[in-house]
1. Taking region 301-339 only, how many residues are over 25 Å from T257 (Cβ atoms), out of contact with any Phe, Trp or Tyr (no Cβ under 7 Å at 6 or more places or on another chain) and surrounded by 18 or more Cβ atoms within 10 Å (Cβ to Cβ)?
2. Could you please give the count of residues in region 158-207 that are under 24 Å from R223 (Cβ atoms), in contact with an Asp or Glu (Cβ under 9 Å, 6 or more places away or on another chain), aliphatic (A, V, I, L, M) and not in a loop (DSSP other than H, G, I, E, B)?
3. Please tell me if T133 is in the same structural domain as I96 (by TED's automatic domain parsing), over 25 Å from K300 (Cβ atoms), surrounded by 15 or more Cβ atoms within 10 Å (Cβ to Cβ) and not small (G, A, S).
4. How about region 329-403: which strands (runs of 3 or more DSSP E) wholly inside it have at least 1 residues that are touching an Asp or Glu at 6+ places or on another chain (Cβ under 6 Å) and either of a type in the set (S, T, N, Q) or at pLDDT 55 or above (or both)?
5. When you go through D283, D298 one by one, which is the residue that is farther than 17 Å from L233 by Cα, assigned by TED's automatic domain parsing to the domain that holds P343 and in contact (Cβ under 8 Å) with a residue 24 or more places away in the chain?
6. Only one of (1) among the hydroxyl-bearing types (S, T, Y); (2) within 14 Å of V152 (Cα to Cα); (3) more than 29 Å from the chain's Cα centre (by Cα) fails for Y197. Which number is that?
7. Can you name the number of the only condition in (1) modelled with pLDDT of 90 or more; (2) surrounded by fewer than 19 Cβ atoms within 10 Å (Cβ to Cβ) that V152 fails?
8. Taking the criterion of being surrounded by 15 or more Cβ atoms within 10 Å (Cβ to Cβ) and farther than 30 Å from Q237 by Cβ, would at least one residue in region 195-206 satisfy it?
Amino acid sequence: MVASDGVEGLWSARKPGGGFPMGCTSWGDGAACGFAGSAGPGLALTVTSCAANILSAVGPNCRNVNASLDINGNTLFNLSDIITNFPAAAPAKVTISRSFGTPVFGPATVYTGTIIFNACRYIDETLAITVETQGGTCWSNLTFKQLNAPKVDGRNYTVYCFDKFAKTPDLTDRPSAYIPCQAPFDAAYVTDWIVPYDCEPGVQDTVKVILREWEAYDKKGRRGFAYDTIVVLQFGQIDSSHIYCTEKDTLYCTDTTKRIGPFITYEDVDLSCDTLWLVNISDKDNDGMLEFNPAVLDNKCGLNVYVNSYKVHGECGNLYRISVDLKQNCYGPADLICQVSPPAGTSPNMARQVSPGYWRCEFWLYDLDTVGPDLYCKAVDLFSGPLSINHWSVVANPNSDPVIGSYFDPYKTIDKSGLPYQLKINSYFDPTPILDIDGNQSLNGLDSYSQDAELT
């Protein structure tokens with residue numbers, strides 16, 4: 001397409017934002033605005049005719065088509081699949097219909113393009129294909145087949161060697177398998193194929209790569225499969241900046257959900273800092289006596305944890321003396337980001353290095369049979385009048401982040417884990433409101449109070 005002005009020369013376009021250039025107000029300003037005459041630019045079009053809109057003069061020879069379906073149930077084929085004398089009998093007008101005449105595709109002029117439509121509704125039918133040219137018409141049948149096995153999605157993960165995902169598959173999170181025109185379903189676990197990596201202290205950050213195989217079958221026994229690729233990472237070197245040991249710890253009423261004792265720090269795969277606690281507690285026989293177990297790590301992790309403990313009966317519960325040994329024989333690149341404070345050997349961090357790669361933590365654990373007191377804010381006015389507790393509202397947490405929902409109910413319990421709270425006390429209260437001339441309460445007469453406070 002070629003555009004020209006009245007004398008076949010180039011013409012000036014209007015400004016992108018509208019209006020005319022050079023102070024012109026209309027096309028009638030003529031040559032001063034960059035175009036000939038007063039009628040504005042003419043538009044000369046050079047159009048190349050599209051061959052696909054002109055049907056072939058050659059009559060087509062049709063053949064039956066048994067088309068496959070993709071994983072979404074779509075069928076894709078070309079005119080060359082339908083007629084035997086392609087491209088002589090192309091372009092052609094193609095119509096695909098059901099047995100009772102309802103069109104499924106077309107009529108459409110087809111040359112080299114792809115015929116595509118979703119065939120799930122017609123998978124068990126025989127459709128009629130009609131091909132027309134200027135030279136004649138032919139007919140054939142279209143049926144469908146599924147040649148491909150089920151498609152299974154493979155996934156990629158990166159985890160540390162202590163992650164249970166590195167040892168066993170999570171059967172509650174299996175990959176999906178797909179068969180055309182059916183709902184997705186869960187694939188079945190097959191096995192793990194391990195690619196181990198040699199230890200290169202301070203250099204190699206990968207322990208191993210797991211190729212976790214999954215499979216799925218269709219009703220004809222065709223098997224589809226895929227692999228989850230799991231890269232298992234090595235910890236950096238455990239030094240005085242990456243291990244922390246408390247001198248004593250406390251829990252209440254044999255609470256096995258609390259984390260106790262020493263931990264190490266590391267940079268997680270999402271680049272955030274995280275901790276690995278080295279001791280797990282349990283009370284499997286429910287006798288009130290705690291069991292202490294080392295953190296479970298992969299045998300190629302290069303870390304081994306040993307735990308010893310003994311119990312001393314106390315007046316208000318049980319007292320345990322626990323010793324944890326950590327031995328590291330292989331490690332990855334140094335972690336300079338996620339460090340403990342203070343470093344080991346500086347109170348209250350009591351971790352002690354026995355020898356290179358060998359750390360020890362000894363601490364006391366108090367398991368008390370009483371719990372700490374709860375703080376209650378009863379249904380009484382802590383302040384009177386306009387600043388009554390009934391008018392308190394939490395506007396932000398200690399970080400001044402917006403609060404979603406209420407952190408406490410003034411008539412019930414204040415959640416101590418959220419302390420301190422930043423409070424704003426609002427009140428619209430006036431025991432003697434001013435009345436307007438008609439005897440109605442005047443909004444301007446209401447006293448408004450506002451005060452910021454902090455609850456600790």
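The values are calculated or read from the model by the stated rules, or taken from the named source; none is laboratory data. Given the structure is predicted, the values throughout are model-derived calculations rather than measurements. Methodologically, a virtual Cβ is constructed for each residue, glycine included, from the backbone with ideal geometry; neighbour enumeration extends over all protein chains shown.
1. Of the residues in that region, 2 qualify.
2. Residues flagged as under 24 Å from R223 (Cβ atoms), in contact with an Asp or Glu (Cβ under 9 Å, 6 or more places away or on another chain), aliphatic (A, V, I, L, M) and not in a loop (DSSP other than H, G, I, E, B) within region 158-207 amount to 3.
3. Judged against the criteria, T133 is a match.
4. 358-368
5. D283 is the lone residue from the list that is farther than 17 Å from L233 by Cα, assigned by TED's automatic domain parsing to the domain that holds P343 and in contact (Cβ under 8 Å) with a residue 24 or more places away in the chain.
6. Looking at each condition in turn, Y197 falls short on (2).
7. (2)
8. Among the residues of region 195-206, not one is surrounded by 15 or more Cβ atoms within 10 Å (Cβ to Cβ) and farther than 30 Å from Q237 by Cβ, which makes the answer no.
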